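The values are calculated or read from the model by the stated rules, or taken from the named source; none is laboratory data. Note that the coordinates shown come from a computational prediction; the quantities given were computed from them, not determined experimentally. Neighbour counts run over all protein chains shown; Cβ positions are idealised from the backbone, glycine included. Each accessible area value is taken on the protein alone, full model and side chains, heavy atoms only, with ligands, DNA and RNA left out. Shrake-Rupley method; radii C 1.70, N 1.55, O 1.52, S 1.80 Å.
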Amino acid sequence: MVWAAFGFNAQEGLAFLDGRQNSPKYIETLENHLMPFAENIGRNITTPNEDRYLAVTAKRNRRSTASDLSRQLSSATGTTVSRQTVYRRLGHIGLYARRPVRCVPLTATHCRLRLAWSREHALWTPQQWSCVMFSDESRFSLQFDSRRTFIWRALGTRYHQENTTKRHRYGGTGWLVWGGIILGSRTDLHVQNVTMTGHIYRDVILEQHVPFFRGAMGAEFLFMDDNARPHLANIVDEFLQSEDITRMDWPAYSPDLNPIEHVWDMLGRRIAACQLPPTCLPELWRALLDEWCNIPQDQNDNLILSMPRRCEACIASSGRHTPY
C-alpha cells in the first residue's frame with residue numbers, strides 16, 4: 001500500500017531499496033514516479049487565486065514575514081499553509097526574502113546635484129583621479145546591527161526604491177575614525193572617542209595628515225571630504241586656503257560615490273573575522289589601527305579606479321541610489 005502511493009508495486013519498491021541504482025528500471029522509476037510525485041507535493045494546498053493573494057500582500061507590505069502572510073491568507077480564505085509553503089509559492093513567482101539595502105534619503109535636489117557632478121567627472125582619466133585624496137569618518141562599535149529584518153523582492157530589483165530603507169549616519173558608543181586614501185598610499189588612521197568639531201577637524205586631523213600629501217604632489221592635489229558640518233566650518237576653509245589645498249566639490253548625501261566607504265566596510269569585516277574579536281574599547285582601538293595598515297594597497301587603488309564606473313552608475317540612475 002505504501003509503494004502504491006509512489007506509483008509502483010511492492011516488488012518494484014524492493015528493487016528500489018536493493019541498491020540497484022544504476023539499473024534502467026531504477027532510473028525509469030525515479031523519472032516516471034518519484035520525481036513527479038516530489039514535484040507535486042503540496043501543489044494542491046493553495047489555488048492560483050490564493051497564490052496571487054500571497055504575492056499581492058507581500059508586495060504591499062514587503063516587510064511581512066512568512067508567518068504574517070500565512071496568517072493573513074488563513075484569515076482571508078480559510079486556507080492554512082506553513083511558512084515553507086509561503087516561501088515556495090513566492091519563490092515560484094520570483095519573490096525572495098532578502099535584507100533591504102540601507103541608503104541615505106535623497107531629495108530631488110540631491111539627485112539633480114549628484115547627476116550633474118557625475119556628468120562633470122565621468123570622463124576623468126585615471127591620472128586625474130590619482131590626484132584626489134578621498135577622506136571620511138566612520139564609527140565602529142562593539143555592537144553590530146544584526147539586520148534581521150527581511151523584505152520580499154524579485155531578482156535584479158535590489159536598489160529599487162521600494163526595496164531600500166533610508167537612514168542617516170548613526171551614532172553610539174565606540175570609536176570615531178578618520179582616514180584618507182589616495183592612489184598608491186593612505187594616511188594614518190585617526191581614532192577618537194569624542195564628537196568631531198571644526199577645531200578638532202582642523203587642528204588634529206587636517207593639519208597633521210593632509211599638508212604632507214599636498215607638498216608631495218604639488219598643485220594638482222585635490223582633497224575630497226563630504227559636507228558634514230565640521231568640514232564646512234570657516235576655520236577649516238581658512239586653513240585649506242592658507243595651505244594652498246584645493247578642495248574637491250562634492251554632492252551632498254553621496255557616500256556611494258566615495259570609494260573610502262568600501263574601505264570602512266573592509267575594515268569592519270577584517271575586525272569581525274579576527275581570531276579573537278575585540279571585546280572592549282581598547283582592544284577595538286588596537287584592532288582598528290592594525291587592520292587599517294593590513295588592508296592591501298591594491299584593493300584601495302582598485303576602489304579609486306572605480307570612480308568612472310560610479311559616475312556612470314549615477315548617471316544611469318538619474319542621480320538616485322547606485323549599486324555602490
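Look at (1) polar (S, T, N, Q); (2) under 26 Å from L232 (Cβ atoms); (3) at pLDDT 95 or above and you find that T195 fails only one, number (3). Tallying residues that are within 17 Å of D244 (Cα to Cα) and over 30 Å from the mean Cα position of the chain (by Cα) within segment 194-208 yields 4. Of the strands (runs of 3 or more DSSP E) contained entirely in segment 83-166, those carrying at least 2 residues that are at pLDDT 95 or above fall at 132-140.
Might you check whether a residue that is under 21 Å from C131 (Cβ atoms) and either part of a helix (DSSP H, G or I) or touching a residue at least 40 places away in the same chain (Cβ under 8 Å) (or both) occurs anywhere in segment 262-284? Yes; the residues of segment 262-284 include at least one that is under 21 Å from C131 (Cβ atoms) and either part of a helix (DSSP H, G or I) or touching a residue at least 40 places away in the same chain (Cβ under 8 Å) (or both).
Give segment 205-247 a look and list any residue that's in a helix (DSSP H, G or I) and in contact with a strand residue (DSSP E or B) (Cβ under 7 Å, 6 or more places away or on another chain), or say none. Listed by number, the residues that qualify are I205, H209, V210, F213, L240. Can you tell me which residues in segment 219-247 are more than 17 Å from W178 (Cα to Cα), open to solvent by 30 Å² or more (accessible area, probe 1.4 Å) and of a type in the set (A, V, I, L, M, F, W, C)? Of everything in segment 219-247, those that are more than 17 Å from W178 (Cα to Cα), open to solvent by 30 Å² or more (accessible area, probe 1.4 Å) and of a type in the set (A, V, I, L, M, F, W, C) turn out to be A219, L222, I235.
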